[in-house]
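The structure appears below as structure tokens.
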Amino acid sequence: MVRRLLVVALSPFLAGPIAFVSTAAADPAYLFAKVDFDGTLIHGSGALSVTHIAPGRYEVTFTSDVSGCAYVATTIDIHSQALLVFTAGGHLSNTGVHVETKTQAGGLADAPFDLVVVCGGSGTSFAVIGAQKALIVRSTPGVTLTNRNGGRYLVSFPTSVAACAFLATVGHPRNGAVSAPAGVYTGSGPDGRTVYVETKNVGGGLTEGVPFHLAVVCPGLSSVRTAVVDASGVLVRGSAGTTASRAGTGSYAITTDRDVSDCAWLGTRGSVDATVPFDPATVEVEPDSGGDTVRFQVHQLQFFGGNLEDQAFHAAILC
């Protein structure tokens, strides 16, 4: 794989530390960055730097133009309540992704997160859905959208995604920002090519006009491990060499056949089949994850108490 070097001039008016890391050009299917709460770039693939713009606001710069891709992220649990993460196109350049971490009340708050940029190919597909009229803003070729109204969508792909994990993040389709906190939830559609998606407000009600980024990550790549886990901790589908277990209420462990400490960890609340993901919840990574195991926590929304709760989810580990 050829190494690439990109020199980026950042605005002097942006406050906060800028962290740099040397990386090789990544698999074109995806890029990723592991970012600490203070904007430190811990590890990445194709990630060049992170600018910590202000509390809860980050810009992750990659070594190539990512404006045509989807951006999905998951926070690491370090606060008393689960935080939400939102993505958008770069505010500094087309090689950047803008990330905001917020409380469920909408306040910006620093938090560590893992970000994956999915550009399609090699076992991944994506769709970025806008708020206005719920149109596909960009996607891998052949994706279609059915708006079932009331914050319910069917996203159909040209080939089967039945074996895959469905990861989603609320995010602006271009380089704006999402102001109102909301959540996005996934499940299987009526056929093997379709993903069912719901968008809800922080009170758990279905809500229209919430833009989101959807990434479909399929098992098969040596650098990817997927897991779709039911509420009891049973691995319903996933990569070979991957197992799942329930460690306690709302706490799950995904164990793989390799060290995944330097990989990106993603989780989304979602059904394991075509049932509706009725109970909304947040999914975060536990901070003691590492080695061959990633631990996920599922919390009720703060509106319902914010307690740990057994709920199904989709996960992907990308190295």
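The values are calculated or read from the model by the stated rules, or taken from the named source; none is laboratory data. Keep in mind that this is a model prediction, so the values were computed, not measured. FYI the Cβ positions are ideal-geometry reconstructions off the backbone, even for glycines, and counts take in every protein chain you see. Only protein heavy atoms, including side chains, enter the accessible area calculation; ligands, DNA and RNA are left aside. Shrake-Rupley method; radii C 1.70, N 1.55, O 1.52, S 1.80 Å.
Which one is farthest from the chain's Cα centre (by Cα), of the residues in the range 50-66 that are in a strand (DSSP E or B) and buried (at least 23 other Cβ atoms within 10 Å of the Cβ)? Spell out how you get there, then give the answer.
Going through the range 50-66, the residues in a strand (DSSP E or B) turn out to be 50-54, 57-62.
Next, only the ones that are buried (at least 23 other Cβ atoms within 10 Å of the Cβ) stay: 50-51, 58-62.
Details: VAL50: 17, THR51: 19, TYR58: 15, GLU59: 16, VAL60: 14, THR61: 17, PHE62: 17 Å.
Of everything passing the filter in the range 50-66, THR51 is farthest from the chain's Cα centre (by Cα).
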Residues located in the range 78-96, provided they are among the polar types (S, T, N, Q) and either open to solvent by less than 30 Å² (accessible area, probe 1.4 Å) or under 22 Å from THR61 (Cβ atoms) (or both): THR87, SER93, ASN94, THR95
Options VAL143, VAL99; residue that is within 17 Å of the chain's Cα centre (by Cα), closer than 21 Å to VAL197 by Cβ and open to solvent by less than 50 Å² (accessible area, probe 1.4 Å): VAL99
Which listed residue is closer than 27 Å to PRO219 by Cβ and either open to solvent by 50 Å² or more (accessible area, probe 1.4 Å) or in contact (Cβ under 8 Å) with a residue 12 or more places away in the chain (or both), from PRO173, PRO181, PRO158: PRO158
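Restricted to the range 302-319, and to residues that are assigned to a loop (DSSP other than H, G, I, E, B) and of a type outside the set (A, V, I, L, M), which residue is farthest from THR242 (Cα to Cα)?
First, the residues of the range 302-319 that are assigned to a loop (DSSP other than H, G, I, E, B): 305-307, 309-312, 319.
Still in the running and of a type outside the set (A, V, I, L, M): 305-307, 309-311, 319.
Numbers: GLY305: 32, GLY306: 29, ASN307: 27, GLU309: 23, ASP310: 20, GLN311: 19, CYS319: 14 Å.
Ranking the candidates gives GLY305 first.
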Candidate set: the range 210-234, residues that are of a type outside the set (Val, Ile, Thr) and open to solvent by less than 10 Å² (accessible area, probe 1.4 Å); chosen: the one nearest to ARG258 (Cα to Cα): ALA227
Qualifying residue in the range 113-121 (condition: open to solvent by 40 Å² or more (accessible area, probe 1.4 Å), hydrophobic (A, V, I, L, M, F, W, C), in contact with a strand residue (DSSP E or B) (Cβ under 9 Å, 6 or more places away or on another chain) and within 30 Å of ASP262 (Cα to Cα)): yes
Residue that is nearest to GLN300 (Cα to Cα), among those in the range 193-209 that are in contact with a Lys or Arg (Cβ under 8 Å, 6 or more places away or on another chain) and open to solvent by 10 Å² or more (accessible area, probe 1.4 Å): LEU206
